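Every number here is computed from the coordinates shown, using simple stated rules; none is lab data. Quick caveat, the model's predicted, so the values are computed rather than measured. Here Cβ is always computed from backbone atoms with ideal geometry, including for glycine, and neighbour counts include all displayed protein chains.
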Amino acid sequence: SVAAMMTYMAIMNLGKIRGFNQVFAPDAADQPYAALASILQTFPILIPSYNNLDERWQQMILTTLKADFNFGQFLQAESLAANLQLVQSISLGEGSVLGFFLFRIFAAMCGILGKASLEGSLFMNEKMFRNFKMGLDVLNRLQHESPEHVFHCFLSERTKSQGLDFDPEKMESRALARLACMSRAFDQNVGSEVSSAFHSLEATEREQLMVFLDANGIRVKPSFLLYNAPNLLDSSRKNQQIGLQRAMHMLLKIYKKAAQEYSDTSSAVVTVMVDEMAVFAAKCCDPDLFAATNFDITRSAGAKGNSLGVLVLKS
């Protein structure tokens, strides 16, 4: 198992070499993990360290590569309960590869900021490890609990440090907890800021935002994963000219626009990339300009357009 994990650590980023993918996995050239999985299955001789592993360990590596789950999104409650279904599928039965999968995630996260220093991990400090360990412990519950329940357990654990009360039976509590996590609240001060901004919204707006935030892709479909929404909320909070209340107004506008664009989708979860709005929120100096900012949501090309869109600012 040690040899398999070391092999995995050594090869896991090969799928990010675009030229390599275009030659040996052209159909998945823009999907690093899918490309690597395809290459390992079709041309294993290209990766001797993988090719020399027993079939059991080869299969474990392939299974974890195909598990398209973003743990960083989960830790910020950016992802949805529906995203946990995939993790649950690899955590059940005697062939569970959950431990192997989670260790790969831990190693990858430790490597964040690796280009800044080789003297240990700059990213995996005490605060980050506590949050990681909390998420890891919660994910282990997928072996015997539902994705919805596990997601609520995570929100419950996070709200303890945020100074928020959590009731899994109340939509408002679930929505506020998600907002606090997405705003990167790790203490009571930021938790209080999030709560104040949320409750300062008009009752109708607050209700609408709650419905979108509580939609989980299991009971309510489609649900929307706003990719990089934590950057939008965090940048707005730190920008004194914008603040969290305006960011929440904008979040609601994005949800509404996404719901309009994807009213006919068959996908349970639709991902919308909000990078442009997050960048704008960080640098905008005019609160009225921010509030009046117009944007479109453009579907990705081809079949991906059914479940993936991009927010594009209008000039």
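Cross-link partners of Lys256 among lysines, defined as those whose alpha carbon lies under 20 angstrom from its own and excluding same-chain residues fewer than eight positions apart: Lys221, Lys314.
Distances over 23 Å make up what percent of all Cα-Cα pairs in the range 122-273?
On the way: 4335 of 11476 pairs.
Taking all Cα-Cα pairs of the range 122-273, the fraction more than 23 Å apart is 38 percent.
Directionally averaged projected area (the range 9-117, Cα convex hull): 8.1 nm². In a Debye calculation with equal point scatterers on the alpha-carbon sites of the range 166-249 and no solvent, what is log10 I(q)/I(0) at q = 0.12 Å⁻¹? The Debye formula, applied to the Cα set alone, gives -0.33. Distance between the modelled labels on Ile45 and Glu202, one decimal in nanometres: 6.8 nm (7 Å Cα→Cβ projection). Other residues with beta-carbon under 15 Å from the beta-carbon of Pro222 carry, at +1 per Lys or Arg and -1 per Asp or Glu, a net charge of +3. One equal scatterer on each Cα of the range 109-157, no solvent, Debye formula: the resulting log10 I(q)/I(0) at q = 0.13, 0.19, 0.28 Å⁻¹ is -0.41, -0.66, -0.94.
For the range 186-302, what mean projected area does the convex hull of the alpha carbons give, in nm²?
On the way: hull surface 31.7 nm².
In nm², the orientation-averaged hull projection of the range 186-302 is 7.9.
The C-alpha atoms of the chain define a longest principal axis, and helix 2-11 lies at about 70 degrees to it.
Shown here are the Rg and Dmax of the Cα trace of the chain, at 20.5, 62 Å.
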